[in-house]
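What follows is a single structure, written as structure tokens, with notes after it.
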Amino acid sequence: MYLRNLITFLILFACLKVVANQSVDIIPKPVSLQMYSGSFEITEKTSIQFNSRQTELEQAAHFLSDAIESISGIQLSFNEETEHQIQLKLTSANMLGDEGYNLNVSADGIVLEANAKAGVIYGMQSILQMLPAVRTNAKLIIPCLAIEDYPRFKWRGMHLDVSRHFFGPDVIKQYIDLMASYKMNVFHWHLIDDQGWRIEIKQYPKLTDVGAWRVDYNHLVWDKRPQAKPGEEPTYGGYYTQEQIKEIINYAAERNVTIVPEIEMPGHIASAIAAYPEYCCTQKPQLPLTGGNYTNMSSNYCAGNDAVFTFLENVLNEVLELFPSEYIHIGGDEVNKNSWKKCELCQQRMKDENLKDENELQSYFIKRIEKFLISKNRKMIGWDEILEGGLAPEATVMSWRGEAGGIEAAKMGHDVVMTPGKPCYFDHYQAGPTGEPLAIGGFNTLKTVYDYEPIPHELSTDNAHFVLGAQGNVWTEYMTTVEHLEYMVLPRMAALAEVVWTPKSNKDWDSFNKRINSQFNAYEQKGLNFCRGNATVAFKPISHAGNLSVEMSTEVLDGEIVYTLDGQDPTLKSKAYNEAIKINSTAVLKASVIANGVVVGTEPSSQNFVMHKGIGCDVLYTNPVSTYYLADGPNSLTDGIRGNGTVGKFWHAFNENDLVATLDMGEIKSISDIKLGCLQKYRDWIFMPKEVVFEVSVDGKKFKEVGRVVNPIDANEAELVYDFKTFFKAKKVRYVRVIAKANVCPPGHNGAGKPSWIFADEIMIK
Ligand code: TNX
């Protein structure tokens, strides 16, 4: 029978006509896709054929028949002699690897081949993307085509923080379904953090009895939530029972999704301390946190107390029993080591183990846990802070503070997963902030996610293979509802899926931007909340050689930009943007996008430009600028653009070092007034510099001080912009130097005593 089928298919394919101008909207885009004329219809008479001794094919057949039934009511039979068939086959084709597949659709039937079940399931996901997303009366028609497909990276991850806000098992399954539909294969489940312990551990019931519940302040913004008072009832929270977890793990496995649990340590565990205070340095009881207010809270395990390791090994034993994943995530991020500095046991441990500082103590902690995991045949993965004080011998590093940690680890021969805040943090804004729900900050649009390249150019080809892939992270401090979660994830998850699956040479933003519309239809059909895309106009100031111009761009498909410089909102009749525009005087640039004959979005994008004598001047920095907060490049301080409270957009940032910026005005000019604009944002460790010194020079060698301003701003101010300024009797000079002195976070702050950030937006000269 198989031979007969094969012959029929060969004849059929020989007769098929290639159709070049037709396509299907599969995301991620397959490695190769050839369309033919004609189509195949799945009906009551279609059967699924497979070798019934191959149980993995039987499981896959169930996956497909369940999916088809749910969208049409049609029940496909298995292995019956019907005229139209969907054939599933295991093969051995080197190119396809463990997860690839070949899919051939002709008018007569479908053949789906793969080396392993994962590939068969992925072929089915491609089929399902060509059909309605929910139950309709529509015919199930698939165009004739041939697809060869396999992934670029092996780690195609999505993360979800269920501690800051809890999402029940059904939401988790829906999340896994979405991931699986885009062929993503690692679900990083952030089960533990300061504000909630979410996994049942039978030996330590208080972890969930106490640690999973907090006083409900969800109506207040995360940072504005007060700490709980004794007697207030903890009513918000939840956790997953071990039974629920097992079920979710199986559900994910059926879709080729591995769940990597994160058992956070040694920091970010105030929830565990609320349950078992004996495991922190002070051993003082505390109530579960309600939000981002950490004042006087312990959130670290004690690194000097052996009972802590016994506790963690017992917890991990139960975790390992549940999760078959090769990797176990142990967190390791943002450990506030102050408690260790004051703790006798920790200090004793440092003496006994010859550790020179608290970074090495953290490294000791992580290495000890790695040894335990290796003894259980598992691999440890942690956030990039596990590099500090010495990396554990076999650790895999998840690089989140930019790409530097990942690059360093890969150069040392360690595996890494790339998940830099920009653009892999899906808790940042994607289309606003105007018109978007309140987010933690930042701006990662669909296109910036799509354009991400997981292999940093700093890595040689020899080291590139240490990059296992990339992952989108979804921290939920600001996401209190499922609808909000959906909005933050969709459609950025789809863009990232194409980054990690599709060959680099096949990626094409315009094509993705078209194909995403089919996904929007599917989201609508399923009642999922999603972002329709970024209709803001991006401004790119170019400040150079005394001139300032602005380039504008839009992510809207076939969108046209219109703009004004007189403060009016642009209309259909406003000037159309074709090439970079020159800014010659103080102005408000407003721009909107027109698509399909209408202005898209609710408000125009708007930018103030302040003219001064420093505009367009080249700036030299004595100390390096943070690559993460670069604004629009080295001349951001002379581009006429003032920042706003949104971190990262137009701010130039310095950490630990003084900001020392020297401006060359290109010729001698008479000046009498210099200002430096700075931001304070308490929550984000951004404080005013200690002091700002202004200097001028004729020759760029000998500088003379013309002003010095000591920081007048109260360190407890939550957020404000302040201009440090000096006025002096007019001087004829060519160079201006501004020195902003590094500061530290104030007492009572999470980072008390640690270097704070200096954020500056403009050096204004008159
Ligand atoms: C940093 S990313 C954290 C999280 C926060 C997140 C907010 C990381 C390893 N740690 O605890 O939720 O920023 O964006």
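The values are calculated or read from the model by the stated rules, or taken from the named source; none is laboratory data. Everything quoted here is computed from the prediction, not taken from an experiment. Reconstructed Cβ throughout: ideal geometry from the backbone, glycine too, with neighbour counts over all protein chains shown. Heavy atoms of the whole protein, side chains included, go into the accessibility calculation; ligands, DNA and RNA do not. Shrake-Rupley method; radii C 1.70, N 1.55, O 1.52, S 1.80 Å.
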Angle in degrees between helix 509-526 and the longest Cα principal axis of the chain, rounded to the nearest 10:
70
Short version: ³J(HN,Hα) in whole Hz for each residue of segment 211-226, in order, from phi by Karplus 6.51 cos²θ - 1.76 cosθ + 1.60 (θ = phi - 60°), x for Gly and Pro, what are they?
x, 9, 10, 9, 5, 7, 10, 4, 6, 9, 4, 2, 6, 9, 7, x
Between helix 242-254 and the chain: long-axis angle, C-alpha atoms, 0 to 90°, nearest 10:
70
Using a 1.4 Å probe and counting only protein heavy atoms, arrange Phe187, Phe63 so the residue with the most accessible area comes first.
Phe63, Phe187
Percent relative contact order for the chain, counting Cα pairs under 8 Å at least six residues apart, stands at 9
Computed curve, segment 618-765, Cα-only Debye sum without solvent term, log₁₀ I(q)/I(0) at 0.10, 0.20, 0.21 Å⁻¹, is -0.32, -1.20, -1.31
If you wrap a convex hull around the Cα atoms of segment 155-479, how much volume per residue is inside, in Å³?
134
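For Glu560 and Ile668, compute 0.36 nm times the residue count separating them, minus their Cα-Cα distance, and round to one decimal in nm.
Values: separation 108, 0.36 × 108 = 38.88 nm, distance 4.20 nm.
Extending this stretch completely gives an extra 34.7 nm.
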For segment 236-320, just list the percent of Cα-Cα distances falling in each 5 Å bin from zero outward, please.
3, 12, 20, 20, 16, 14, 9, 5, 1, 0
Set of aspartates and glutamates with alpha-carbon distance to Lys89 below 13 Å, sequence-local pairs under 8 removed
Glu56, Glu58, Glu113
For Val416, list long-range residues whose amide hydrogen, built 1.01 Å from N in the peptide plane, is under 5 Å from its own amide hydrogen.
Val397, Val467, Leu468
Hey, which aspartates and glutamates would be in cross-link range of Lys284, C-alpha to C-alpha under 17 Å, not counting anything within fewer than 8 residues on its own chain?
Asp194, Glu344
Put Arg734, Arg378 in order of accessible area, largest first, probe 1.4 Å, and you get Arg734, Arg378
Value of Rg to Rh for segment 538-609 (Rh from inverse mean 1/r over Cα pairs, i.e. Kirkwood):
0.96
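Quick check: at a probe of 1.4 Å, how many percent of the accessible area of segment 590-718 sits on carbon and sulfur atoms?
Here carbon and sulfur together make up 49 percent of the probe-accessible area.
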Under a plain spin-label model, where a point goes 7 Å from the Cα along Cα-to-Cβ, how far apart in nm are Ala718 and Arg401?
2.6
Interchain or long-range residues, amide H under 5 Å from Asp618's placed H:
Ala545, Gly546, Asp664
What is the Rg over Rh value, at two decimals, for the chain, using alpha-carbon atoms and the Kirkwood definition of Rh?
1.00
Between rounded, prolate and oblate, where does segment 123-170 land on the alpha carbon gyration tensor, with a ≥ b ≥ c its root eigenvalues, rounded for a/c under 1.5, else prolate if a/b exceeds b/c?
oblate
Ignoring everything but the protein chains, give the 1.4 Å probe accessible area of Ile686 in square angstrom, nearest 10.
0
Spatial extent of segment 533-672: Rg and Dmax, with the Cα atoms as the point set, Å
16.6, 51
Only four residue types carry charge here, +1 at the Cβ of Lys and Arg and -1 at the Cβ of Asp and Glu. Report the dipole size of segment 284-343 about the Cα centre in Debye, rounded to the nearest 20.
540
Cα-only Debye scattering, segment 113-271: base-10 log of I(q)/I(0) at q = 0.15, 0.18, 0.20 Å⁻¹
-0.88, -1.09, -1.25
Just to make sure I understand: if all protein chains stay in place, what is the order of Lys422, Lys224, Lys704 by accessible area at 1.4 Å, largest first?
Lys224, Lys704, Lys422
On the protein heavy atoms, probe 1.4 angstrom, tell me the percent of accessible surface of segment 86-183 carried by carbon and sulfur.
47
Averaged per residue, the 1.4 Å probe accessible area of the chain, protein heavy atoms only, in Å², is roughly 41
From zero outward in steps of 10 Å, how is the percent of C-alpha pairs of segment 469-593 spread across the bins?
11, 30, 28, 25, 7, 0
Could you tell me the convex hull volume per residue, in Å³, taken over the Cα atoms of segment 22-149?
94
Between His84 and residues 5 or more places away or on another chain, which pairs have amide H atoms under 5 Å apart, with H built 1.01 Å from N, and which residues are they?
Ser47
Those lysines that a straight Cα-Cα span of less than 19 Å connects to Lys590, excepting residues fewer than 8 apart in one chain:
Lys540, Lys573, Lys575, Lys582, Lys649
Reduced to Cα centres, the span from segment 478-538 to segment 381-395 in Å works out to 33
Debye equation applied to the C-alpha atoms of segment 661-731, log10 I(q)/I(0) at 0.23, 0.24, 0.29 Å⁻¹
-1.01, -1.06, -1.37
So, taking all protein chains as they sit and a 1.4 Å probe, how much accessible area belongs to Arg708, in Å² rounded to tens?
120
Counting only the heavy atoms of the protein chains, how much of Glu579 is accessible to a 1.4 Å probe, in Å² to the nearest 10?
130
Hey, what angle do you get for helix 492-501 against the long axis of the chain, alpha-carbon based, 0 to 90 degrees rounded to 10?
70
